[in-house]
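Reading through the structure tokens given below for one structure.
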Amino acid sequence: MMKDNGTPLSRQHITPLKRARGLGTAHDGTGHFMAQRATAALSFIMLIFLAILFVALAGADYEQARAIIGEPLVASALVFTAAAFCWHMKLGMQVIIEDYVHHELLKYALLTANLLFSAAIFFLALISIGRVVFSL
Amino acid sequence: MSAHQVRTANGRAQRRPLSPHLQIYRPSITMVMSILHRITGAVLYFATFLGVWWLMGLASGPKYFAYVDDMFRSWPGLVILFAITYQLFHHAFGGIRHLIWDADFCFSKQAAERLGLWSLLLAVACTALVWVLGWWT
């Protein structure tokens with residue numbers, strides 16, 4: 001007979017299948033954990049691109065900077081970087097809030113603000129890059 | 001300092017012992033890197049706005065771009081940019097360290113400490129490399 005923490009199946013009030021479908025106490029399964037790691041790996045790769053871009057932009061004036069950012073490959077990579085960073089930072093700040101804020105109402109207010117801030121940063125980056133790309 | 005004021009069932013205040021926390025332990029590289037990973041993560045969260053602000057400047061035209069770009073190229077601006085560069089690499093290599101642990105490697109005390117030291121050295125080296133290259137172009 002299958003056991004869980006030493007309790008026989010006959011004495012558990014939910015079956016292992018039901019428990020698995022419930023996705024644990026957070027009702028989220030390993031989704032947050034996996035997304036955190038996936039966006040971390042993506043962010044690391046994009047950081048290499050960002051470092052090269054940063055060096056390329058260091059000596060650039062307005063026209064040169066617009067030409068560099070307006071390049072379709074550069075612009076696409078930069079939008080991808082923004083997506084990876086913004087998703088990753090939303091997940092990270094969520095953990096910080098859940099760790100330290102125990103007042104329920106304040107916690108949900110901050111979790112909502114976190115989502116809005118992360119999304120806003122992404123959309124501002126997207127629109128700004130788009131404006132540079134399509135005005136060339 | 002290891003006592004905590006609580007109220008018992010009959011309403012009397014009582015001081016109860018607490019388990020040891022941060023101020024008790026001698027700092028180790030693994031502990032310091034763990035704390036710094038969270039702090040740099042939180043700082044970078046808000047620092048993304050600076051990157052977006054620069055992009056907004058670039059999208060808004062030459063006049064506003066000159067204002068934004070001058071801010072970044074002023075001494076306080078460069079110091080802030082340098083700090084953000086370092087924190088990006090610190091958090092990135094600290095993250096790689098966590099991915100290595102997630103893959104079930106380097107869990108011995110010596111390996112974990114070596115990993116912390118390496119991520120610190122790589123973060124310093126990459127920051128230096130980017131700024132030396134950036135300064136010369």
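The values are calculated or read from the model by the stated rules, or taken from the named source; none is laboratory data. Here the structure is a predicted model, which is why all the values come from computation and not from measurement. Heads up, the Cβs are rebuilt from the backbone with ideal geometry, glycines too, and the neighbour counts pull from every protein chain shown.
Do we have residue A:57 as closer than 28 Å to residue B:93 by Cβ and facing another protein chain (nearest Cβ under 9 Å) here? Spell out how you get there, then give the answer.
Numbers: closer than 28 Å to residue B:93 by Cβ: yes; facing another protein chain (nearest Cβ under 9 Å): yes.
Considered against the rule, which asks whether it is closer than 28 Å to residue B:93 by Cβ and facing another protein chain (nearest Cβ under 9 Å), residue A:57 comes out as yes.
Just a yes or no: is a residue in segment B:45-67 within 11 Å of the chain's Cα centre (by Cα), in contact (Cβ under 8 Å) with a residue 40 or more places away in the chain and surrounded by 15 or more Cβ atoms within 10 Å (Cβ to Cβ)?
As a first pass, look at segment B:45-67 and keep what is within 11 Å of the chain's Cα centre (by Cα): B:45.
Then keep just the ones that are in contact (Cβ under 8 Å) with a residue 40 or more places away in the chain; that gives none.
Checked against the condition, which is being within 11 Å of the chain's Cα centre (by Cα), in contact (Cβ under 8 Å) with a residue 40 or more places away in the chain and surrounded by 15 or more Cβ atoms within 10 Å (Cβ to Cβ), segment B:45-67 yields no hits at all.
Scan segment B:55-83 residue by residue and report those that are among the hydroxyl-bearing types (Ser, Thr, Tyr), part of a helix (DSSP H, G or I) and more than 11 Å from chain A (Cβ to nearest Cβ).
Going residue by residue through segment B:55-83, those that are among the hydroxyl-bearing types (Ser, Thr, Tyr) are B:60, B:64, B:67, B:74.
Narrowing further to those that are part of a helix (DSSP H, G or I): B:60, B:64, B:67.
The answer is B:67, and nothing else.
Do we have any residue at all in segment B:2-20 that's under 30 Å from residue A:118 (Cβ atoms) and among the aliphatic types (A, V, I, L, M)?
Residues of segment B:2-20 under 30 Å from residue A:118 (Cβ atoms): none.
So far as segment B:2-20 goes, no, none of its residues is under 30 Å from residue A:118 (Cβ atoms) and among the aliphatic types (A, V, I, L, M).
Identify, please: which residue in segment B:11-54 is of a type in the set (A, V, I, L, M) and in contact with a strand residue (DSSP E or B) (Cβ under 9 Å, 6 or more places away or on another chain) and is, among those, nearest to the other protein chains (Cβ to nearest Cβ)?
At the first step, the residues of segment B:11-54 found to be of a type in the set (A, V, I, L, M) are B:13, B:18, B:22, B:24, B:29, B:31-33, B:35-36, B:39, B:42-44, B:47, B:50, B:52.
Pick out the ones that are also in contact with a strand residue (DSSP E or B) (Cβ under 9 Å, 6 or more places away or on another chain) and you get B:13, B:18.
Values: B:13: 22, B:18: 17 Å.
Checking each candidate, the answer is B:18.
Go through (1) surrounded by fewer than 20 Cβ atoms within 10 Å (Cβ to Cβ); (2) in a helix (DSSP H, G or I) for residue B:123 and report which single condition fails.
(1)
Please give the helices (runs of 4 or more DSSP H) falling wholly within segment A:1-109 in which 2 or more residues are at pLDDT 95 or above and surrounded by 15 or more Cβ atoms within 10 Å (Cβ to Cβ). It would help to see each step written out before you state the result.
Numbers: elements: A:16-21, A:31-58, A:62-70, A:72-100.
Per the criteria, A:31-58, A:62-70, A:72-100.
Counting only residues that are within 15 Å of residue B:84 (Cβ to Cβ) and more than 9 Å from chain B (Cβ to nearest Cβ), how many does segment A:36-54 have?
Pass one, segment A:36-54, residues within 15 Å of residue B:84 (Cβ to Cβ): A:43, A:47, A:50-51, A:53-54.
In the following step, the residues that additionally are more than 9 Å from chain B (Cβ to nearest Cβ) were identified as A:53.
Looking only at that region, the number is 1.
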